[in-house]
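Okay, so here's the structure we're looking at.
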């Protein structure tokens, strides 16, 4: 029985195992919706009880925070390069490498940090000064609606994959069986019956032995 199961089991690189893993791990629906919605409720409660936060203030504080993070990244990048590359580079070459790496680290941190901080501050600004209930509703709807749509679409796609995926019996490639064809004998012109294959083979064997 074990040998039969081993022979019938698909190989390790067969897509059947991917389908089995996908079937055993359906996409989460509650967690992608609950986590951002709960964060939005907490942020909206605080923002709704606070004064109105304008978009001009969002731009100002996002630029200030991103510049501060960029300066820290510049300094940290320079120190890391000096510590780990002092043996590979000397003199002016080391200074150019340190400057290039530090500038790239600072610019990358400024761009990413500004975008992330501005999004959070704009989220806070939209729900600020609206009161606790309306502020919580606005702040929870901003991430809750897209996350709900994404979770529902992911679940629908997963169900569609499970419905359309063929079974293992259909996924197995049929093995081509070699068939041996016997030579066809030409029909005699005098109207007599053609000799059978076994008779012809027997006569050929007698002739070979003779």
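Where a number appears in this text, it was derived from the coordinates with a stated rule and is not lab data. None of these values were measured; they are calculated from a predicted model. Cβ: placed from backbone, ideal geometry, glycine included. Neighbour counts: every protein chain shown.
A few comments on the model shown:
- Given R0 = 22 Å, the distance between the Cβ atoms of residue 20 and residue 158 translates into a calculated FRET efficiency of 0.95.
- Burial ranking of peptide ranges 50-56, 74-80 (average Cβ count within 10 Å, highest at the top): 74-80, 50-56
- Per-residue Cβ neighbour rank within 10 angstrom, fewest leading, 68, 148: 68, 148
- On the basis of the beta-carbon distance and an R0 of 30 Å, residue 111 and residue 42 show a calculated FRET efficiency of 0.60.
- Cα gyration tensor shape for the stretch 55-127, rounded if a/c is under 1.5, else prolate or oblate: prolate
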